[in-house]
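The values are calculated or read from the model by the stated rules, or taken from the named source; none is laboratory data. This one's a predicted model, so the numbers in the text were calculated from it and none came from an experiment. Reconstructed Cβ throughout: ideal geometry from the backbone, glycine too, with neighbour counts over all protein chains shown.
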């Protein structure tokens, strides 16, 4: 269930006009392709595809990005509501809806009187059934310990391979990542020998992609303000074999130029906190226009810090997984008004749409769920000219 106030809906109407309902409807569904990125430091995409196909998995290679491979998402299927239900948190429920098992950190409420072996239904906080499965652990004990599988799913709204249970995931050969997020690192275009800064790096997907694109020959600095997120990012980079090529810091990147005055970056990636209105599937979401206003101010602070650490002639790429004009075109335009030494250059992604037509210059790239069958995304490329 999407709960957006009238001002937020009006903001979205600035982008989508009469197609707003189509956009909102697309958020409730996953794309037909579930993408993963092949870790090209460890394997060639063709090799990973052969391995997966040898086990009967149907896998395709993206038409434009060779490191992007995908599984087909099947469904929707009927999910029956059984007597006992397990209530899952938002992100956990969305993963379970695609066929993932339910792990203890994603459990909000356990069914009373249920024992191991009972059949249960996993539901969202709003009561939407997303999967049927078997209770494989004492739910209350798992909830207390916050680890381990609680429900083994056998029927879900949609069906796709459980990527994190594949041997290729364990071996660090693949990383689950949306296609638009992969394009961000491609637009950044990192080169060997350069200093690359990822300002809001957790969970590390784009950082790892930069390492792969430069074959581990760039100097990558990754920052995030959350100690727990940085710890998980270190684990993920270690799984991929990328940690030796990345310097990871716990820091608030809005003050990067003050706390790390020695940084002189060739390229800076700014993927700041946003309203995430492009992420799908959304089985439930509650947002107000006030969220947009607060985050817009926050996002500008990251860009200002990026302007201070990037070298003349250097590149800043700004991206979000949201779709409002306020958090995207307006943020970039306000930044360019404030920092006249920067100019936006064309982001040429053939399959993407241009920025909002008739309102702003069409130098930016946008992905729209109902048009591209991908998450909603925005990408801008800014070059420091003086």
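Being more than 22 Å from residue 179 (Cβ to Cβ), touching a strand residue (DSSP E or B) at 6+ places or on another chain (Cβ under 6 Å), in contact (Cβ under 8 Å) with a residue 12 or more places away in the chain and part of a loop (DSSP other than H, G, I, E, B) narrows it down to one residue among 93, 114; which is it? Reasoning before the result, please.
Values: 93 fails: part of a loop (DSSP other than H, G, I, E, B).
One residue alone meets the criteria, 114.
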Picked from segment 89-102 (must be over 19 Å from residue 35 (Cα atoms) and touching a helix residue (DSSP H, G or I) at 6+ places or on another chain (Cβ under 7 Å)), the residue surrounded by the most Cβ atoms within 10 Å (Cβ to Cβ) is 102
The condition of being over 13 Å from residue 197 (Cβ atoms) and in contact (Cβ under 8 Å) with a residue 12 or more places away in the chain holds, among 250, 246, 270, only for 250
The condition of being farther than 18 Å from residue 226 by Cα and without any contact (Cβ under 8 Å) to a residue 24 or more places away in the chain holds, among 284, 258, 293, only for 258
Counting only residues in segment 31-49 that are assigned to a helix (DSSP H, G or I) and either in contact with a strand residue (DSSP E or B) (Cβ under 7 Å, 6 or more places away or on another chain) or in contact (Cβ under 8 Å) with a residue 40 or more places away in the chain (or both), the one nearest to residue 71 (Cα to Cα) is identified as 49
Taking segment 171-206 and keeping only residues that are more than 28 Å from residue 373 (Cα to Cα) and either free of Cβ contacts under 8 Å to residues at least 60 places away in the same chain or surrounded by fewer than 24 Cβ atoms within 10 Å (Cβ to Cβ) (or both), one is left with 171, 191, 192, 193, 194, 195
Has segment 258-280 got any residue that is surrounded by fewer than 18 Cβ atoms within 10 Å (Cβ to Cβ) and assigned to a helix (DSSP H, G or I)? yes
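Scan segment 142-151 and tell me whether some residue there is touching a helix residue (DSSP H, G or I) at 6+ places or on another chain (Cβ under 9 Å), without any contact (Cβ under 8 Å) to a residue 40 or more places away in the chain and buried (at least 16 other Cβ atoms within 10 Å of the Cβ). Please lay out each step first, then the result.
Keep residues of segment 142-151 that are touching a helix residue (DSSP H, G or I) at 6+ places or on another chain (Cβ under 9 Å), which gives 142-151.
After this cut, where a residue has to be without any contact (Cβ under 8 Å) to a residue 40 or more places away in the chain as well, the list is 142-144.
Keeping just the survivors that are buried (at least 16 other Cβ atoms within 10 Å of the Cβ) gives 142-143.
Yes, that holds for at least one residue.
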Given the structure, is residue 79 at negative phi, outside any helix (DSSP H, G or I), in contact with a helix residue (DSSP H, G or I) (Cβ under 6 Å, 6 or more places away or on another chain) and crowded, with 17+ Cβ neighbours inside 10 Å?
-> no
Across (1) buried (at least 18 other Cβ atoms within 10 Å of the Cβ); (2) within 24 Å of residue 29 (Cβ to Cβ), residue 286 clears everything bar (1)
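If you go through segment 207-232 one residue at a time, how many are assigned to a helix (DSSP H, G or I) and either crowded, with 24+ Cβ neighbours inside 10 Å or outside the structural domain of residue 246 (by TED's automatic domain parsing) (or both)? Quick ask: steps written out before the conclusion?
Step one: of segment 207-232, the residues assigned to a helix (DSSP H, G or I) are 207-213, 227-232.
Then keep just the ones that are either crowded, with 24+ Cβ neighbours inside 10 Å or outside the structural domain of residue 246 (by TED's automatic domain parsing) (or both); that gives 207-211.
Here the count works out to 5.
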All-but-one check, residue 227 against (1) over 21 Å from residue 252 (Cβ atoms); (2) without any contact (Cβ under 8 Å) to a residue 24 or more places away in the chain, failing number (1)
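So which strands (runs of 3 or more DSSP E) are wholly in segment 294-385 and hold at least 3 residues that are surrounded by 23 or more Cβ atoms within 10 Å (Cβ to Cβ) and at pLDDT 95 or above?
Once the strands (runs of 3 or more DSSP E) in segment 294-385 are filtered for at least 3 residues that are surrounded by 23 or more Cβ atoms within 10 Å (Cβ to Cβ) and at pLDDT 95 or above, what remains is 310-320, 365-367, 377-384.
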Looking at segment 99-110, can you tell me whether even one residue there is closer than 22 Å to residue 285 by Cβ, part of a loop (DSSP other than H, G, I, E, B) and touching a strand residue (DSSP E or B) at 6+ places or on another chain (Cβ under 8 Å)? yes
Here the residues within segment 21-30 that are in contact (Cβ under 8 Å) with a residue 24 or more places away in the chain and within 15 Å of residue 371 (Cβ to Cβ) are 22, 23, 25, 26, 27, 29
